[in-house]
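To keep things clear, I will list the structure first and then write my remarks on it.
The values are calculated or read from the model by the stated rules, or taken from the named source; none is laboratory data. Please read all numbers here as calculations on a predicted model, not as lab measurements. All Cβ positions, even for glycine, are placed from backbone atoms using ideal geometry, and neighbour counts span all protein chains on display.
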Amino acid sequence: MNTPIIVQYKINAPMINVWKALTDKEEMKLWYFDIPDFEPEVGKEFNFYEPGGENQFHHQCEILDIVPERKLKHTWSYPDFSPLKTIVTWELFPEEDGETLVKLTHEGIENFKELGGGFSGVNFTGGWNTIIGQSLKAYVENK
């Protein structure tokens with residue numbers, strides 16, 4: 001059975017601030033990845049490498065859907081290792097207290113099972129928890 005990874009965090013900031021952090025490439029490089037070719041437009045591809053300058057893992061993504069201030073959906077792939085892709089969906093939900101619930105769903109991780117443990121669901125879950133629960137949360141809440 002193919003079970004998506006779902007990671008959710010409440011962030012003490014309005015949705016507009018979280019959305020800007022997710023879609024402005026200048027802000028993204030402060031908490032996420034440096035993605036110089038990112039354009040928040042359906043059909044646009046963007047590419048990046050992990051931080052640290054090692055350039056081991058070329059990430060390639062294509063934006064599939066955007067609902068401003070609500071949803072960003074894109075593919076996620078490693079073209080140097082596999083032709084297969086996964087789907088990442090970022091969703092934002094307003095909370096009554098002015099906070100924002102960030103929900104990330106990563107589907108299709110089983111497509112990477114042949115690539116080894118570094119591409120496992122456990123590894124991705126840990127990575128997304130760090131990216132959202134620590135990096136994004138700290139960045140947006142301390143702006």
- Message: Quick check on my filter: what residues within the range 38-86 are hydrophobic (A, V, I, L, M, F, W, C), surrounded by fewer than 18 Cβ atoms within 10 Å (Cβ to Cβ) and farther than 20 Å from N17 by Cα?
- Response: V42, F57, L64, F81, L84
- Note on the structure: Only unsatisfied item for I132, checking (1) more than 24 Å from L30 (Cβ to Cβ); (2) part of a helix (DSSP H, G or I), is (1)
- When L104 is evaluated against the numbered criteria (1) closer than 20 Å to V7 by Cα; (2) touching a Leu at 6+ places or on another chain (Cβ under 9 Å); (3) of a type in the set (A, V, I, L, M, F, W, C), which criterion, by number, is the only one it fails? (2)
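Say we look at the range 10-59 and pick out the residues that are over 17 Å from H74 (Cα atoms) and within 13 Å of the chain's Cα centre (by Cα); which of these is modelled with the lowest pLDDT?
Of the range 10-59, the ones over 17 Å from H74 (Cα atoms) are 10-18, 26-27, 29-31, 50-57.
Retained after the next criterion (residues that are within 13 Å of the chain's Cα centre (by Cα)): 18, 29, 31, 50.
Details: V18: 98, K29: 94, W31: 97, E50: 83.
Looking at residues that are over 17 Å from H74 (Cα atoms) and within 13 Å of the chain's Cα centre (by Cα), I get E50.
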- Item | Subset of the range 1-28 that is touching a strand residue (DSSP E or B) at 6+ places or on another chain (Cβ under 8 Å) and among the aliphatic types (A, V, I, L, M) - its residue that is surrounded by the fewest Cβ atoms within 10 Å (Cβ to Cβ) | I6
- Message: For the range 113-126: of the residues being small (G, A, S) and loosely packed, with under 14 Cβ neighbours inside 10 Å, which is nearest to the chain's Cα centre (by Cα)?
- Response: G126
